[in-house]
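Undergrad: My questions all concern the structure below.
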Amino acid sequence: RMSRRAQQLRDRDINPCVAETDASRKCMDENNYNKNMCTGYFLKYKNCRKFWHDIKMERRRNGVKPEMPSAEERKKILDSVE
């Protein structure tokens with residue numbers, strides 16, 4: 001059974017970077033934990049976290065609740081910037 005924290009990290013409404021986390025972890029598993037082989041995955045994860053952190057801070061400043069957009073709302077945001 002997963003801890004509450006682990007469940008939150010797997011919840012796409014709470015953690016917008018689940019896919020990037022999984023890809024990084026898979027790369028590490030497949031490359032015998034050689035970090036040099038997975039730098040591209042780490043960069044995608046880092047960029048994902050920064051992007052959504054900035055959105056969250058902007059929403060907090062503007063008094064928007066919830067501070068982290070839902071998975072559905074995030075998809076619309078991503079579609080609008082691509």
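Undergrad: Contour minus end-to-end for M37 and R59, with contour as 0.36 nm per residue of separation and end-to-end as the Cα-Cα distance? It would help to have the intermediate numbers written out before the result.
TA: Working: separation 22, 0.36 × 22 = 7.92 nm, distance 3.56 nm.
Gain in length upon complete extension: 4.4 nm.
Undergrad: Pairs of lysine in the chain with Cα under 17 Å and at least 8 positions apart or on different chains: total?
TA: 12
Undergrad: While we're looking at this one, here's another question. Ratio of alpha-carbon Rg to the 2.2 N^0.38 Å globular estimate for segment 1-67, to two decimals, please.
TA: Numbers: Rg = 14.4 Å, N = 67, 2.2 N^0.38 = 10.9 Å.
Cα-based Rg divided by the globular estimate yields 1.32.
Here, each number is a calculation from the coordinates, and none is a lab measurement. Just so we're clear, the structure is a prediction, and the values are computed from it rather than from any experiment.
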